[in-house]
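Each value in this text was obtained by applying a stated rule to the coordinates, not by laboratory testing. Keep in mind that this is a model prediction, so the values were computed, not measured. Here Cβ is always computed from backbone atoms with ideal geometry, including for glycine, and neighbour counts include all displayed protein chains.
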Amino acid sequence: MSWKQATVVDIKQETARAKTFRLTLPEALGHRAGQHVIVRLTAPDGYTASRSYSIATPADESKEFELTVERLEGGEVSAFLHDELTVGDELEVRGPIGGWFVWDGDSPVLLVGGGSGVVPLMAMLRLARRTGKSELVRVVVSVRTPGDLFYADEIAGPETTLVYTRATPSSFVRPPGRLSADDIPPFAAGASAYICGSSGFAEAASELIIGAGVPTEQIRVERFGPTG
Amino acid sequence: MSRFTRGFSGRGRANRDPRLPPGQYDTGNSWPVLTAEVTPRLDTATWTFRIEGLVDRPTTWTWDEIHALPPSSYSGDIHCVTTWSKLGVTFNGVSVDTLLDAAGVQPSATHVLAFSHTAYTTNLPLADVTNGKAWVVWDYEGRPLEAQHGGPARLLVPHLYFWKSAKFVAGLRVLDHDEPGFWEQNGYHDRGDPWLEQRYQGD
């Protein structure tokens, strides 16, 4: 699996702290929803810094894909991507990586994401919507405030439950609070669960999902470390 | 040789710690948790560790029995494939040599498959878990190993990327062939030497 030279074709401010980078490659990445890529930065003297970022889009006819990256204070790679990278720049990527936290759009799933953990789940939701399989997917997204919600103009829909832990939009009925059992929507029997977020979120969400009846062995977890 | 990235100079590299393998950064006091499964809550009252497969005496130890073996510790560095390293850490437990010697490894053995109390597995050449290179540990910096880090006990193979150090380890199956484990079936390198950057298949 070799390094590929991607070109930045679009940069969108996703939230105050996150940007979505649309990249294009000479050949399609050929990834599965949920996979990630490695981004490598190389200084003129050969020094490199690499980080993993989840792909936010499913594979399609284009050779393009999107990464949504949160800017971490002091993060060597995320700060560079946010502060320096511009449309037209080249970026080395490698992937797709990971054969576990993937969904191919053919079985019922319950997706639970906390904060930036929504990124690989968004690839799955987008795949479901594109292929007319929305009925297979239920997604629960937990964020602190409305301003922290990624894909805010797209993510809402019949598949989606939004949970705000600190502050809600003005019209929102549910008061702010942590994800609880009441937030888990009805899901299809036999569904697998995909949980992505910080370690603390993943632990709490795992307990809720087990409580909701998903067997432990049908739960796949991706925990985000502080990868700067 | 990679092409350089416009505008990137890198930071902190003048002070780069020589203990860091290529492509790794020092995570400092934090210890990221990257587990692909639900964290199990294992009770040490019923916990076991087993050596099986190509051994003369397949052996199962209870929590108390494994603690009665000669203690062994590791002080040094650990390296995760997701590019963080944690420097100067200390774990206490028992050497895998002690466990394998008790079971009596047969001459035809070449590899082990470590298996966990979850469905997790990871494969290792026998040479990577013998001669003082691997431990089963239950103590981190003088305190019980937390469940999120693989407690009550995990495998520790610190000279390889940390996915080889199976959390919630339940035993080693001694084999006369290589048998890819969980991540090795999912795109990761078979051996995982951080100094050779053996991260993914084909590295």
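Using the 10 angstrom Cβ neighbour count as an exposure proxy, how do A:Val9, A:Val173 rank, fewest first? Working shown, then result.
On the way: A:Val9 14, A:Val173 5.
By the 10 Å Cβ count, ascending, the order reads A:Val173, A:Val9.
Work out the mean other chain Cβ neighbour count within 10 Å for the residues of B:33-45 and drop it here as an integer. Present the calculation step by step, with values, prior to reporting the outcome.
Numbers: counts 9, 9, 7, 8, 7, 17, 8, 1, 0, 0, 0, 0, 0.
Partner-chain Cβ atoms within 10 Å, mean over residues of B:33-45: 5.
Quick one: net charge around B:Thr48, please, counting Lys, Arg +1 and Asp, Glu -1 for every other residue with C-beta under 12 Å from its C-beta.
Numbers: positive: B:Arg50; negative: B:Asp43, B:Glu52, B:Asp64, B:Glu65.
Local charge sum for B:Thr48: -3.
With unit charges on the beta carbon (Lys/Arg positive, Asp/Glu negative), name the residue among B:Pro58, A:Ile155, A:Ala167 whose Cα is farthest towards the positive pole of the charge dipole of the protein assembly as shown.
My answer, from the dipole projection, is A:Ala167.
Out of the GluC sites (Glu not before Pro) in region B:134-203, which ones are loop residues according to DSSP with at most 16 other C-beta atoms within 10 Å? Working shown, then result.
Working: sites: B:Glu141, B:Glu146, B:Glu184, B:Glu197; in loops: B:Glu141, B:Glu146, B:Glu197.
Passing both the DSSP loop test and the Cβ count: B:Glu141, B:Glu146.
Show the residues, 5+ positions off or on another chain, whose built amide H is closer than 5 Å to the amide H of B:Asp77.
B:Gly88, B:Val89
Inside 10 Å of the C-beta atoms of A:79-87, what's the mean count of C-beta atoms belonging to other chains? Walk me through the intermediate numbers first.
Details: counts 1, 6, 1, 0, 1, 5, 4, 2, 0.
Per residue, the average neighbour count from other chains is 2.
Show that you can apply the helix-only estimate: for chain B, add -39,500 (n - 2.57) for every DSSP H stretch of four or more residues, divide by all residues, and state [θ] at 222 nm to the nearest 500. It would help to have the intermediate numbers written out before the result.
Details: 2 runs with 13 residues, N = 203.
After summing the helix terms and dividing by residue count, I get -1500 deg cm²/dmol.
Rounded to whole Å and ordered largest first, report the semi-axes of the equivalent ellipsoid of the protein assembly as shown derived from its Cα gyration tensor (root of 5λ).
37, 27, 20
Just to be sure I follow the definition: excluding the sites themselves, where is the longest run in chain B that has none of the trypsin sites (Lys or Arg not before Pro) in a DSSP loop with at most 15 other Cβ atoms within 10 Å?
Values: sites that count: B:Arg3, B:Arg6, B:Arg11, B:Arg13, B:Arg16, B:Arg19, B:Arg41.
The longest uninterrupted stretch comes out as B:42-203.
If each residue's Cβ is checked for other Cβ atoms within 10 Å, how do B:Trp135, B:Trp195 rank with the fewest at the top?
B:Trp195, B:Trp135
Per the helix-only calculation at 222 nm, which mean residue ellipticity applies to chain A, given -39500 (n - 2.57) for every DSSP H run of n ≥ 4 and division by its residues, nearest 500 deg cm²/dmol?
Working: 3 runs with 34 residues, N = 228.
About -4500 deg cm²/dmol.
For region A:65-137, just the Cα atoms, rotate onto the principal axes and tell me the three extents in Å, largest first.
Principal extents (Cα only, largest first): 41, 25, 21 Å.
Give me the net charge of A:Val173's neighbourhood, meaning all other residues with Cβ under 13 Å from the Cβ of A:Val173; Lys, Arg count +1, Asp, Glu -1.
On the way: positive: A:Arg174; negative: A:Asp182, A:Asp183.
Charge balance near A:Val173 sits at -1.
Pull out the extension gain between A:Ala43 and A:Ala188, defined as 0.36 nm times the separation in residues minus the alpha carbon to alpha carbon distance; nm, one decimal.
47.3 nm
Once you average over the residues of A:140-147, how many Cβ atoms of partner chains fall within 10 Å of each Cβ?
Values: counts 0, 0, 0, 0, 0, 0, 0, 0.
Average per residue, whole number: 0.
For A:Leu72, what is the net charge nearby, where nearby means another residue's Cβ is under 11 Å from its Cβ and Lys, Arg count +1, Asp, Glu -1? All intermediate terms of the calculation are to be shown ahead of the outcome.
Details: positive: A:Arg17, A:Arg51, A:Arg71; negative: A:Glu70, A:Glu73, A:Glu76.
Summing Lys/Arg as +1 and Asp/Glu as -1 gives 0.
Taking other Cβ within 10 Å of each residue's Cβ, how do A:Glu159, A:Glu27 sort, fewest first?
Working: A:Glu159 18, A:Glu27 7.
Fewest-to-most ranking of A:Glu159, A:Glu27: A:Glu27, A:Glu159.
Say the dipole of the protein assembly as shown comes from +1 at the beta carbon of Lys and Arg and -1 at that of Asp and Glu; which of B:Leu196, A:Ala188, A:Leu85 then lies farthest toward its positive end?
Of B:Leu196, A:Ala188, A:Leu85, it is A:Leu85.
At a Cα cut-off below 21 Å, give the lysines reachable from A:Lys19, other chains included and same-chain residues fewer than 8 away excluded.
Leaving aside lysines fewer than 8 places away in the same chain, those within reach of A:Lys19 are A:Lys63.
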